[in-house]
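The values are calculated or read from the model by the stated rules, or taken from the named source; none is laboratory data. Keep in mind the model is a prediction, meaning the values are calculated, not measured. So basically every Cβ, Gly included, is an ideal-geometry build from the backbone, and we count neighbours across all protein chains shown. These area figures cover heavy atoms from the full protein model, side chains too; ligands, DNA and RNA do not enter into them. Shrake-Rupley method; radii C 1.70, N 1.55, O 1.52, S 1.80 Å.
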Amino acid sequence: MHILIIGAAGMVGVKLTRRLVQDGALGGRALARLTLTDVIEPTKPAGFGGAVATLRSDLSTPGEAAKLAALRPDVIFHLAAIVSGEAEADFEKGYRINLDGTRLLFEAIRLEGAKQPYAPRLVFTSSIAVFGAPFPERIDDEFLCAPLTSYGTQKAIDELLLSDYSRRGFFDGIGIRLPTICIRPGKPNKAASGFFSNILREPLSGQEAVLPVGEEVRHWHASPRAAVGFLLHAATLGTAALGPRRNLSMPGLSATVGEQLEALRRFAGEKALKLIRREPDPTIQRIVAGWPRDFHPRRALSLGFKAETSFDEIIRIHVEDELGGKIA
């Protein structure tokens, strides 16, 4: 099996690569070839017995998507995007990367299949930002997509394209709407949602963090470990069960900022809470106010997707995976 990961240098891409190398197979098929690409060249994974290629590539640059499609991978994980805050701040860049790059990829696969039959499994990471207020108490699988951000709009258009290209048989696509991934390792990024991770990650390492919203803010979360599980399951799932509705809201955990902080207190004590500095940010508050708070993802659950059920579990996973089981 040949797997292509687009966006392989990002946090989820790195973790997905690591898991694939560890498993050495996907869906019972041995992994023989791995191609990793991003706007910065990904690092080659250690310990993989097959062939590995790392490429620097920007899908929005003419001709780049065609080069990737010409490799004819069996499975494509399309993770590449700029995050919500950056897409809102830079309108043109958001549409170029998040929409134009995705459509160029889809078209390149279609044109490659026109030369000789080719229809790979394509797993696309969408977002719960495709939904916009006003919200019901819990968003179910029948709730309409009406995003209130440029990022959400770009992802919603991508979802429609994925469904249509799959309907036409150009590829076998599945879109997974990721919850906000928490706790993200590494340094803060430009995502408006970044503070959800920051207020846990930094205190767990003995560092100060800024909280820009009130403790009453509620949101939908899953761990990086769960995100990798979603991707692997989507890559092997029989898509006949999806019918024409190719995009799914993933399971997750609905929690308030206050509940996050209580879990932090249980795990690391009052000293960790004292490292959080409250600095209200009207821009982030406005963006977060337009985000979903809770879901009832019946379809995804029935198809076997799984996530955490408590913030204590999310913190434990971060400590195990990123801190060697120890906190500051």
**OP:** Determine Rg/Rh for the chain; Rg is computed over alpha-carbon atoms and Rh is the Kirkwood hydrodynamic estimate from the same atoms.
**Re:** 0.96
Subject >> Backbone N within region 59-83 under 12 Å of label point (7 Å from LYS115 Cα along the Cβ vector) >> reply: 66-73
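Name the shape class, rounded, prolate or oblate, that the alpha-carbon gyration tensor gives for region 127-194, where a ≥ b ≥ c are the square roots of its eigenvalues, rounded holds for a/c under 1.5, and otherwise prolate holds if a/b is larger than b/c and oblate otherwise. Don't jump to the answer; show the numbers that get you there.
Numbers: a/c = 2.08, a/b = 1.35, b/c = 1.54.
Oblate, since a/c reaches 1.5 and b/c is not below a/b.
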Subject >> Under the Debye formula (equal points on every Cα, no solvent term), log10 I(q)/I(0) of region 167-284 at q = 0.16, 0.19 Å⁻¹ >> reply: -0.79, -0.99
Original post:
What does the charge add up to near TRP220, with Lys and Arg as +1, Asp and Glu as -1, over the other residues with Cβ less than 9 Å from its Cβ?
Top reply: +1
Subject >> Counted charge near GLY206, where neighbours are those whose Cβ lies closer than 12 Å (Asp, Glu -1; Lys, Arg +1) >> reply: +2
Subject >> Cβ charges +1 (Lys, Arg) and -1 (Asp, Glu), total dipole of region 1-132, debye >> reply: 580
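Shape of region 259-326 from its Cα gyration tensor (a ≥ b ≥ c, root eigenvalues): rounded if a/c is under 1.5, otherwise prolate when a/b > b/c, or oblate? Walk me through the intermediate numbers first.
Numbers: a/c = 2.61, a/b = 1.14, b/c = 2.29.
Here region 259-326 falls in the oblate category.
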Subject >> Built amide H within the under 5 Å cut-off of THR54, gap 5+ >> reply: LEU36
**OP:** Mind giving me the FRET efficiency for THR283 and GLU41? R0 is 30 Å, r the Cβ-Cβ distance, nearest 0.05 is fine.
**Re:** 0.35
Original post:
Quick one: what does P(r) look like for region 29-89 with 10 Å bins over all Cα pairs, in whole %?
Top reply: 17, 48, 27, 7, 0
Original post:
Roughly how many nanometres apart are two label points built 7 Å out from the Cα toward the Cβ at THR61 and ASP312?
Top reply: 5.0
Original post:
Expressed as a whole percentage, what fraction of the accessible surface of region 126-272 belongs to carbon and sulfur atoms when a 1.4 Å probe is rolled over the protein heavy atoms?
Top reply: 52
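From the convex hull of the Cα coordinates of region 96-252, what is the mean projected area in square nanometres? Don't jump to the answer; show the numbers that get you there.
On the way: hull surface 42.5 nm².
Value for region 96-252: 10.6 nm².
Against the empirical 2.2 N^0.38 Å scaling, what ratio does the C-alpha Rg of region 21-140 come to?
Working: Rg = 16.8 Å, N = 120, 2.2 N^0.38 = 13.6 Å.
So region 21-140 has a normalised radius of gyration of 1.24.
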Original post:
How large is the accessible surface per residue of the chain, computed with a 1.4 Å probe and reported in Å² as a whole number?
Top reply: 44
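Within the chain, which complete DSSP H helices have Cα atoms spanning at least 30 Å along the helix axis and a mean Kyte-Doolittle hydropathy of 0.5 or higher? Can you show the working numbers first?
Values: long enough: none.
Taking the DSSP H segments of the chain (at least 30 Å long, mean hydropathy at least 0.5), we get none.
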Original post:
If you count the DSSP beta bridges with both ends in the chain, what percent of them are antiparallel, to the nearest 5?
Top reply: 15
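What ranking do 257-267, 242-252 get when scored by the average of other Cβ atoms within 10 Å per residue, highest first?
Numbers: 257-267: 17.5, 242-252: 20.2.
Highest to lowest by the protection proxy: 242-252, 257-267.
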Subject >> Over 30 Å (Cα to Cα) - which of LYS67/LYS306; LYS155/LYS306; LYS93/LYS326; LYS274/LYS326 fall in this group >> reply: LYS67/LYS306; LYS93/LYS326
Original post:
Going 7 Å from the Cα of LYS274 in the Cα-to-Cβ direction, what parts of region 299-328 have a backbone nitrogen less than 20 Å from that spot?
Top reply: 327-328
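So, counting K/R as plus one and D/E as minus one, what does the shell of residues with Cβ under 11 Å around ILE76 add up to?
Details: positive: ARG72, ARG121; negative: ASP74, ASP172.
Summing Lys/Arg as +1 and Asp/Glu as -1 gives 0.
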**OP:** Only helical DSSP H runs with n ≥ 4 go in: add -39500 (n - 2.57) per run for the chain, normalise by residue count and round the 222 nm mean residue ellipticity to 500 deg cm²/dmol.
**Re:** -11500 deg cm²/dmol
